[in-house]
Every structure is written in structure tokens, then in C-alpha cells.
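Some notes on the structure that comes next.
The values are calculated or read from the model by the stated rules, or taken from the named source; none is laboratory data. Not measured: the values here are computed from a predicted model. Here the Cβ positions follow ideal geometry from the backbone for every residue, glycine too, while neighbour counts run over all protein chains shown.
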Amino acid sequence: MQKKILMVCLGNICRSPLAEGILASKIDKNKILVDSAGTSNWHVGKTPDPRSIATAKQFGIDISNQRARQFTVSDFDNFDHIYVMDNSNYNDVISLARNEEDKQKVKRILDVLAPGESLEVPDPYYGGDSGFTNVYKMLEEAFDIIVKELSD
Ligand code: 4NP
């Protein structure tokens, strides 16, 4: 059975598009489907932030075809795992959960690196380009572990 993985941040233009692009580059698309969404509707229909597109490109990944969308309750039915970037995303997604099964699907993406520490992927939107490289490296490190877990 194909596993379905959703990446979630606030705007779906900076962090979760990078997360989607990195994971998509590491997996067999027949086995794993990856998508991303934002908790807000602020940038629906937009391409990723140019700084995210440029950062991904530096590492050989093209995310320019992605378009932002808002997280919806139906995502709990359509995805097996929902990875959020920070504690605010976590609280926003959990507040939409209908039951315990929905809640169990939601995880902070950096939990695989430091379980129980509630580490956050910092929002790079208002910072400089280095914030995007920092985000990329954190995500890459987390995915090295997540990809192994998904293939078990
Ligand atoms: P993201 O970053 O949640 O990683 O996509 C942000 C993008 C836009 C805004 C905030 C964060 N904004 O305030 O518009």
C-alpha cells in the first residue's frame, strides 16, 4: 500500500514546500505520495517563496511547480502521517482533529532528531537567505531518519 505523507507549515510557501521537495527526491513515488499544505489561507494558489525555490535549486531540487493550499480536515482521511514544522502548526492542526486517530497522525518533524523536545523548524519568512539554507539542512537531517522509518 502506498503511504501518504503531508508536510504542514503556516503559509505553505517557505518550509513545507522545501520539506515536500526534499522528501520527494528521496523516495520511490510508487510507494510514497508526498504533499504539503499551510494552516493559513494567506498564499493559496501561489508558487513557493523565491528564496525556497532558489535554496532547493542549489541542492538540485525543483519545487517551482508546487502551489500553496490550505490544510483541511479531509487531510486527516487522505494522509497517513502529517509532519508539522513548529509548535504553532502543531496546535493549529491538532485543534482540527476529530478524534484520537487524527491526533496520532500529527508529529513535529524534528521529533525524530530529538524526541520529546518539541524542537521547531524556524520560520524563515522575515529573515535572510541563510535562514532558508538552515531550514533545508534541518529538514534533510530529519528526512534521513524518516525515510528509513517509512521503508520499514
Ligand atoms: P511558511 O513561512 O509557514 O514556512 O510558509 C511563512 C510564509 C508566509 C508568512 C509567514 C510564514 N506570512 O506571514 O505571510
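I'm trying to understand the selection: among the residues of region 62-73, which are in contact with a Leu (Cβ under 9 Å, 6 or more places away or on another chain), without any contact (Cβ under 8 Å) to a residue 60 or more places away in the chain and buried (at least 17 other Cβ atoms within 10 Å of the Cβ)? Don't jump to the end; show me each part of the working.
Residues of region 62-73 that are in contact with a Leu (Cβ under 9 Å, 6 or more places away or on another chain), as a first pass: 63, 71-73.
Of the ones still in play, those that are also without any contact (Cβ under 8 Å) to a residue 60 or more places away in the chain are 63, 72-73.
Answer for region 62-73, where residues must be in contact with a Leu (Cβ under 9 Å, 6 or more places away or on another chain), without any contact (Cβ under 8 Å) to a residue 60 or more places away in the chain and buried (at least 17 other Cβ atoms within 10 Å of the Cβ): just I63.
With respect to the stated conditions, H43 is over 25 Å from S151 (Cα atoms) and surrounded by 14 or more Cβ atoms within 10 Å (Cβ to Cβ).
Of the set (1) touching an Asp or Glu at 6+ places or on another chain (Cβ under 8 Å); (2) closer than 13 Å to L6 by Cβ, all apply to Y83 but (1). I need the full set of residues from region 102-152 which are at pLDDT below 95 and of a type in the set (K, R), in order please. If the condition is that a residue be at pLDDT below 95 and of a type in the set (K, R), then K148 is the only one that fits. In region 74-94 there is no residue matching the filter, namely being surrounded by fewer than 18 Cβ atoms within 10 Å (Cβ to Cβ) and either under 15 Å from L139 (Cα atoms) or modelled with pLDDT under 95 (or both).
Just one of the listed residues (I53, I13, I5) is surrounded by 13 or more Cβ atoms within 10 Å (Cβ to Cβ) and assigned to a strand (DSSP E or B), namely I5.
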